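S.K.: Just dropping this structure here.
Laboratory data are not the source of any read-out in this text; all were calculated from the coordinates shown. Because the structure is predicted, anything quoted here is derived from the model rather than measured. Positions of Cβ are backbone-derived with ideal geometry, glycine not excepted, and every protein chain shown enters the neighbour counts.
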Ligand code: MLT
C-alpha cells in the first residue's frame, strides 16, 4: 500500500516538476529505445520485438530493441534505472524484477522505487526440455536420472535471478539434488547449445521452446503451469508428473525510469494496450503458448502491485542463495 501511495504521490509530484506539457504533447519526437536485459533471439527478446513493432506504428517513431545481457538481467535493468527520464529509454523485463532483490546484496537499483511502471504485457509458461538424444524417456525417468546423476547433469540458465535460474532452483529444491549450472547471457544462446547437444537441459519459456519442441529439436518433459497448454497438449504439468512446488509463470512488464512525466507514461500505456490487442501479436503469442494480459492489467498500478507481491513470493525461496 505504502509503495502504491508513493507511486500515486510520485506521479503527482513529477507532473508538477516535470518539464513542459508541450514536450509530453510532442512525445515522441524521436526514436525510443527499449532495453531487453538478455541476449537477442531469446524469449524476452521475442516478446519485446513483437510489441515494439506495433508500438512503432502507433507512436509514429521507431521503437528499437537494445539487448543488454548479463547478471541475470540486472545489468540492463540497472542501466535503465539510471537513464534519463525523458521517455526515450525504456525497459522490458520479467519476473527478474522480483527475484533480483532477494539474490543480489549489492543491487544497483530498487525494483519498486527506481522505475515508472507502464503496464504488464504477458505471462509465459515454462517447459522443462533437454537435448533431443537425452536418455530419460519421460518426466518420471528424468527426475530419477537427475537424482542419480546430480552434478553430472548440465543445466543451462540465463544468469542468477533469470527465469531459467529460478525454475532450475525450484526443480533442484524439489528433487533435493544439485545439477551443474551453466550460465548464459540469455536463453537464446543456451537453446542453441541444447539443440547442439553441448548442454543437457533447461527450464525455459514457451516463447523459446514451443517451435523447437514441435520441430523435435529438443525433448520436452513437463510444463510449469497448473494446467496443460493448448499449444502443447501432450506435455504433462510438473504436478501431473509427480513434482510439487515447481510452478512458475514468467510475467513481463514495460518500465520507464522513475520520474518520467505521467503524460508520457500514459501515452506509452495507451500504445502498449493497442499493441496487445493487435491480431498479429495475439496470434504469435498464442502460437508460442502465451497470451497478452487482460487490458486492465496494462497499467502502472497493476504492474507495481505485481512486482511488490512477487518480491514477497520468491524471497523465502531465493534469499538463502543471496550473494
Ligand atoms: C531470455 O530472454 O533470455 C530469458 O528471459 C532468460 C531467462 O530469464 O531465463
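S.K.: Within the stretch 184-217, which residues have the backbone N less than 15 Å from the label spot 7 Å out from residue 152 along Cα→beta-carbon, could you tell me?
M.R.: What the label zone holds, given the 15 Å backbone N cut-off, is 200.
S.K.: Per residue of the chain, what 222 nm ellipticity follows from adding -39500 (n - 2.57) for every DSSP H run with n ≥ 4, rounded to the nearest 500?
M.R.: Working: 12 runs with 139 residues, N = 323.
After summing the helix terms and dividing by residue count, I get -13000 deg cm²/dmol.
S.K.: A further question follows. Obtain the nm distance between the two label points defined at residue 135 and residue 301 by a simple spin-label model: each point lies 7 Å from its Cα along the Cα-to-C-beta direction.
M.R.: In this crude label model, residue 135 to residue 301 measures out at 5.6 nm.
S.K.: How much length is gained on full extension from residue 230 to residue 280, taking 0.36 nm per residue of separation minus their Cα-Cα distance?
M.R.: Extra length available between residue 230 and residue 280 comes to 16.2 nm.
S.K.: How would you rank 248-254, 145-151, 93-99, highest first, on the average number of other Cβ atoms within 10 Å across their residues?
M.R.: Ranked from most to least packed, the peptides come out as 93-99, 248-254, 145-151.
S.K.: A follow-up question, please. Taking only Cα atoms of the stretch 56-168, what ratio of Rg to Rh do you get with Rh as the Kirkwood inverse-distance radius?
M.R.: With Rg and the Kirkwood Rh in hand, the quotient comes to 1.08.
S.K.: OK, next. Points 7 angstrom from Cα along the Cβ direction at residue 322 and residue 53: gap in nanometres?
M.R.: Once both label points are built, they end up 4.2 nm from each other.
S.K.: To continue, here is another question. Please order 267, 228 by the number of other Cβ within 10 Å, starting at the fewest.
M.R.: Numbers: 267 19, 228 16.
Listing 267, 228 from fewest to most nearby Cβ atoms yields 228, 267.
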